[in-house]
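The next block holds one structure in the form of structure tokens; read it before the comments.
Only the coordinates and a few stated rules stand behind these numbers; no lab work does. Given the structure is predicted, the values throughout are model-derived calculations rather than measurements. Backbone-built Cβ (ideal geometry, glycine too); neighbour counts: all protein chains shown.
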Amino acid sequence: MSDSDTTSGSAASFQVGCSVVCDVVRKPKRKKRKSRSLHRLLGMISALPLVWVLLTGLVLNHSEDFGLDSVELESPLILSAYGMTPAGGAESLVLHGHSITSWDGVVFFDQRPLDLEGEIITALPMGDGMAIVSDSTVLRVDFEGSVIEKLDELSLPSIPLLEAGIFDGKMALRSSDSWHVADADWIEFSAISETVTPIRLQPLEDGDLKEALRSRWSGGGVSLSRFVLDLHAGNFLGSFAAYFYDFVVLCTLWLIATGIILQYRTNRRG
Amino acid sequence: MIFKSSFITPVRSFFGRAAFFVLAITFLGSFVSAAEKVYEKPSTFMTRHFGAIPQTQVITLSGTQSKQLKSILGHKYATKKIRYWQANGKAAWILEEKGKSEPITTGIIVKDGKISELKVLVYRESHGWEVTRPFFTKQFVGSSLDGKVLNKKVDGIVGATLSVRALKKLAAVALYLSQETGK
């Protein structure tokens, strides 16, 4: 076969002697497909959230083994982010060496929460302990903070209570009509015409007590398992989380589909 | 700055939502579940039975009585003194016991060592409100104390197990305290 035979066939789908340096037979240019680059791009996009979900899922799968439920996160940053810190200012009163504090709906005896119905008004020092007064209830507590008895609408002169103070060494409560003074056993109340100086809670200054109450206000921290679950579920993305995960799911499905197609083509070409 | 705000907003949103569930389900859950419903004011309950509210009386729990209440309730009673009202041979007790997480305020009338009425006055739990219904509370009428439990069987309610248990305990407490104050 001569050179002319090989070069003369211009209709052939390949040509010879494209270069003076080398004599290479080139296949015709094929249309460049985008499947592989798209596959790579989707792989990169999906990788981070998938790794995130897989790792957090792995941890959650063994939450009991890792004891995640027993670990509570009490970092101020996390508690604040979960909305588990009290709002507004704390008000407090020190009686018999114990502090009675009210902060955003929770009443504390020292650092222990007390079950008190209604809005706290004040606390009064009494001979055998103290009276913690809300607008609908009076709690009689001893020096250890144990509840001796609870006075509600059946035992109070009338509710709502508005103010409280000490009159002649006895508990005095003001309702809408007048001041009422309790007897020694807090059984009977008698109305008085005198005005009693009300005792009020005072703003609590910043300090160790305030910091301690801040972390106790919620009743505990956030369990680590709950925190990891929120990370896993993407709750940190808010309402956007569902759409983001939809996107990741679609990317992953597309990734699988393009992977199968690319593998099929590769096999077909040998 | 744009990056910062767009990042922080969803983070806050997440923690806000998470906080809602944590607060609602776990501890603090009390805010959501505390849908207090007053079925009858204690003063109305008392007036209905006595015409007017009788003189308030107080029992200060002795060591033995506290132990007995503990064995009935499974824990110490919330207060050291308990108020009650007595007239016309009847004693009225307004007692509280937690169902699941909130106290159930219950009015109990005891006459001749037997319960003549038990009524849930204030119910605060989010579930188990069926115990407030007369078809359930009527079961207590005529019950007396057999040791530290009621002598009559009280049928439970599916989904209100803890509230049913709490009311049974309160009924036993009222009967026991009536025995003690009647001595």
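Rounded to the nearest whole Hz, the Karplus-based 3J(HN,Hα) values (6.51 cos²θ - 1.76 cosθ + 1.60, θ = phi - 60°) of the range B:74-83 follow the sequence x, 7, 5, 5, 5, 10, 8, 10, 10, 8, with x at glycine and proline. Listed values for the range A:239-248 are Karplus-derived 3J(HN,Hα) couplings in whole Hz (6.51 cos²θ - 1.76 cosθ + 1.60, θ = phi - 60°), namely 5, 6, 4, 4, 5, 4, 5, 4, 4, 5, and x replaces Gly and Pro. Remark on the range A:31-128: Rg and Dmax equal 26.3, 96 Å (Cα only).
If r is the Cβ-Cβ distance from A:GLU64 to A:ASP206 and R0 is 51 Å, what FRET efficiency results, to the nearest 0.05? Using R0 = 51 Å, I get an efficiency of 0.80.
This ranking places B:SER143, A:SER223, A:SER37 by how few other beta-carbon atoms lie within 10 Å of each, fewest first, which gives A:SER37, A:SER223, B:SER143. Computed over the range A:131-239, the alpha-carbon pair-distance distribution with 5 angstrom bins reads 2, 10, 15, 15, 13, 9, 9, 8, 6, 6, 4, 3, 1, each value a whole percent. In terms of the Cα gyration tensor, with a ≥ b ≥ c the square roots of its eigenvalues, is the range A:134-183 rounded because a/c is under 1.5, prolate because a/b exceeds b/c, or oblate? Cα axes put the range A:134-183 in the oblate bin. Look at the dipole of the range A:87-216 built from charges on Cβ: of A:SER102, A:LEU162, A:SER193, the Cα furthest out on the positive end belongs to A:SER102. For chain A, a simple Cβ point-charge model (Lys and Arg +1, Asp and Glu -1, everything else neutral) yields a dipole of about 4360 debye relative to the Cα centre. Think of the range B:34-182 as a dipole: +1 on every Lys or Arg Cβ, -1 on every Asp or Glu Cβ, centred on the Cα centre; then among B:SER144, B:GLN65, B:ILE104, B:GLN65 lies furthest on the positive end.
Taking a quarter of the surface of the Cα convex hull of chain A gives a mean projected area of 28.3 nm². Our compactness index for the range B:34-182, the C-alpha radius of gyration over the empirical 2.2 N^0.38 Å, is 0.96. Within the straight-line cut-off of under 14 Å between alpha carbons, the aspartates and glutamates reachable from B:LYS67 are B:GLU180, sequence neighbours fewer than 8 places apart in one chain being disregarded. 3J(HN,Hα) along the range B:114-120, derived from phi through the Karplus expression 6.51 cos²θ - 1.76 cosθ + 1.60 where θ = phi - 60°, amounts to 10, 7, 9, 7, 10, 9, 6 Hz, with x in place of Gly and Pro. Under the rule a/c < 1.5 gives rounded, and otherwise a/b versus b/c splits prolate from oblate, where does the range B:90-138 land using the Cα gyration tensor? Oblate, since a/c reaches 1.5 and b/c is not below a/b.
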